[in-house]
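Working notes for the structure below.
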Amino acid sequence: MKIGLTLAISFIAATTQAADKPNILYIMSDDHAAHGIGAYGGRLAAMNPTPTIDRLAQEGAIFRNAFCINSICTPSRASVLTGQYSHTSGVKTLSDKLPPERHTLAHGMNAAGYETAMIGKWHLKVEPSAFDFYTVLPGQGAYFNPTFRVRGPHSWPKNTITVGGYDSKHSSDAITDISLKWLKNRKEKDKPFFLMHHFKAPHDNFENAERYDFLWENTAIPEPESLWVRGNHGPQDRDQYGTSVGKRNSRRNMGDHMFIDDALTTAEYKREAYQRYLKKFLRCVRGVDDNIARLLKHLEKTGELDNTVIIYTSDQGFMLGEHDYIDKRWMYEESLRMPLIIRYPKAIKAGTEITALVNETDFAPSLLELAGVTEIPDTIQGRSLIPILESGGQEPADWRQATYYRYWMNMTHHDNPAHYGIRTKTHKLILFYGLPLDAKGALQDKIEPYWELYDLQSDPHEMNNVYNNPAYTKIQKTLKTLLKETKLKLGDTDEQYPALKALVN
Ligand code: CA
């Protein structure tokens, strides 16, 4: 009740002058790591994987330090919609639900006078009923011949229908076809639009459209050094933690997923698995990029390109062989970082570089401010990025100095112990507490808790855990205090989990 009341009050001021407001096109892919985007640099940039997304960055702003708060699909999507951390939204795992009345972003956009649509991957289980229009994949959805759930005569989730014309299509093409159709035929053209256009790609199992089958066929994809060298990364005595590219994790690895010949030597197996993994991933990425070009072309043709705020992001990052890891879930850089690029030439200078520490709880308040909402609901824990964008990248003096992260699904699916931590601009402190607590689907596996500390300035690839290094005693102490303060401020104090509290005190 309290939330509904807050929303009703806060959004009243925003209903006027809708016609003067910009359209908002929010494009989110699934598991598209920032280092799989040319504009972010890194070892894959020379392959030019994303010419269109790079154009958005060149003509707008790129956030270099944008992070997720829980690197897994459903909780991350809940955070985008609510502006909340997982412990607040209650969506900590893939099994948790977010009631439609708490889809804050959609309610706010409607109240601000927008025509709203949610198209593509949803993965939040309950009906996206707050949107004026939706066509969403059921669950993870299919890469080929996708079916969609639409608002219909039957109640959710029985309204799964095959939307005509997509029988032979790849999901990225089909989702874009649907968005273009909606943009052309939407009912309230006197209103600006808010479209959440969510690709399924490049989520596993990385199935690309046929036209990309030979892309980069004869290219050797550059490998990260840490594919081969572990260094002092992670727990030294627990090499079964985290699923792998090569044979390190005997239970689950990418070589298995990619049907690599088990008779190959360990090194050949890993090399072959990595190449096949990256090529499939990047071919899906190119499919995303080409479909974004279709959206831009439509906006250009209709004269709406510069009236539209275009956001590109992904629900989290992904480990592309760094430290021999696959998948996400980790608080390590490649999994933690979200791409975040925003183009809106009327307010954002081309080529703006932003290094402020931002996270996905900031998305909802930013989008609401763009939509003209003057009073952000107090349920939102993030903070609007608009002042940073408008000032060309200057962060307010009281901006956060650490971003908080927590992964709850202890040892589920990809063998990652439950953990939480903070990342500052210079360091990262993580406690792998390894307890299932009350997280749905978390495993009871017995994990010996451990800490990691990385000096991101001297060690950006997290090759050297300095937690036990005496030279870092002072920094460790400072970061532990900051972690404690951050948890207190965000209301994630773990009072209800005495076993966990005992580890920290
Ligand atoms: Ca995801």
#### Entry: S168-H298 pseudo-label distance in nm [points 7 Å out on the Cα-to-Cβ vector]
2.2
#### Entry: Note, ³J(HN,Hα) from phi for the stretch 136-142, Karplus 6.51, -1.76, 1.60, rounded to Hz, x at Gly and Pro
10, 5, x, x, 6, x, 9
#### Entry: Computed magnitude of the charge dipole of the chain (debye, nearest 20; Cβ of K, R +1, Cβ of D, E -1)
640
### Query
the stretch 388-413 to the stretch 271-316: how many Å between their Cα centroids?
24
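Test of understanding: express the Cα radius of gyration of the chain as a ratio to 2.2 N^0.38 Å, with N the residue count.
0.94
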### Message
Mean Kyte-Doolittle hydropathy of -1.0 or higher plus an axial Cα length of 20 Å or more: which whole DSSP H helices in the chain meet both?
### Response
171-185, 266-301, 473-490
### Debye equation applied to the C-alpha atoms of the stretch 295-353, log10 I(q)/I(0) at 0.15, 0.16, 0.19, 0.22 Å⁻¹
-0.61, -0.65, -0.75, -0.83
### Task
Rank L482, L105, T313 by how far each Cα sits towards the positive end of the charge dipole of the chain (+1 on Lys, Arg Cβ; -1 on Asp, Glu Cβ) and give me just the farthest.
L105
### Message
Between T355 and L215, what is the label-point separation in nm under the 7 Å Cα-to-beta-carbon projection?
### Response
3.2
### Query
What size of dipole, in debye to the nearest 20, comes out for the stretch 407-504 about its Cα centre when the only charges are +1 on Lys and Arg C-beta atoms and -1 on Asp and Glu C-beta atoms?
380
### Task
Determine the relative contact order of the stretch 407-504: mean sequence separation of Cα pairs under 8 Å and six or more apart, normalised by residue count, in whole percent.
21
### Message
So if I restrict to the alpha-carbon atoms in the stretch 407-504, what is the Rg, and what is Dmax, the biggest pairwise distance, in Å?
### Response
14.0, 39
### Query
Reachable lysines from K346, Cα under 27 Å, same-chain residues fewer than 8 places away excluded?
K21, K181, K184, K187, K189, K191, K297, K301
### Query
Please state the relative contact order of the chain as a whole percent: Cα pairs under 8 Å, 6+ residues apart?
22
### Task
With the full set of protein chains in place, find how many percent of the accessible area of the chain is carbon and sulfur; take the probe as 1.4 Å.
53
### Task
Just subtract the alpha-carbon distance of K97 and D306 from 0.36 nm times their residue separation and send over the number in nm, one decimal.
71.6 nm
### Query
By what distance, in whole Å, do the Cα atoms of the stretch 234-379 stretch along each of the three principal axes, largest value first?
59, 39, 25
### Task
Add +1 for every Lys or Arg and -1 for every Asp or Glu among the other residues with Cβ under 13 Å from the Cβ of W122, and state the total.
+4
### Task
Rank these by accessible area, largest first, 1.4 Å probe: W408, W228.
W228, W408
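Quick check: residue separation of Q444 and Y467 times 0.36 nm, minus the Cα distance between them. What number comes out in nm?
So the chain would gain 5.7 nm between Q444 and Y467.
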### Message
So with the 1.4 Å probe, I'd like the accessible area per residue for the stretch 407-504, rounded to whole Å².
### Response
48
### Query
If the cut-off is a Cα-Cα distance under 17 Å, which aspartates and glutamates reach K446, setting aside same-chain residues fewer than 8 apart in sequence?
D237, D239, D415, D438
### Full-stretch length increase - R43, A142 - with 0.36 nm per residue and alpha-carbon distance subtracted
32.6 nm
#### Entry: FRET efficiency, 1/(1 + (r/R0)^6) with R0 60 Å, evaluated for I161 and T493 via beta carbons
0.85
### Task
Quick one: what are the phi-derived ³J(HN,Hα) couplings along the stretch 315-324, Karplus 6.51/-1.76/1.60 with θ = phi - 60°, whole Hz, x for glycine and proline?
5, 4, x, 6, 8, 9, x, 5, 6, 6
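I need the calculated FRET efficiency for the pair Q240 and D262, taking r as the beta carbon distance and R₀ as 25 Å, to the nearest 0.05.
0.85
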### Message
Using a 1.4 Å probe on the protein heavy atoms only, what accessible surface does D256 show? Give it in Å² to the nearest 10.
### Response
80
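The values are calculated or read from the model by the stated rules, or taken from the named source; none is laboratory data. These figures come from a predicted structure and were not determined experimentally. As a convention, Cβ positions derive from the backbone with ideal geometry for all residues, glycine included, and neighbour counts pool all protein chains shown. All accessible areas refer to the heavy atoms of the entire protein, side chains included, with ligands and DNA or RNA removed. Shrake-Rupley method; radii C 1.70, N 1.55, O 1.52, S 1.80 Å.
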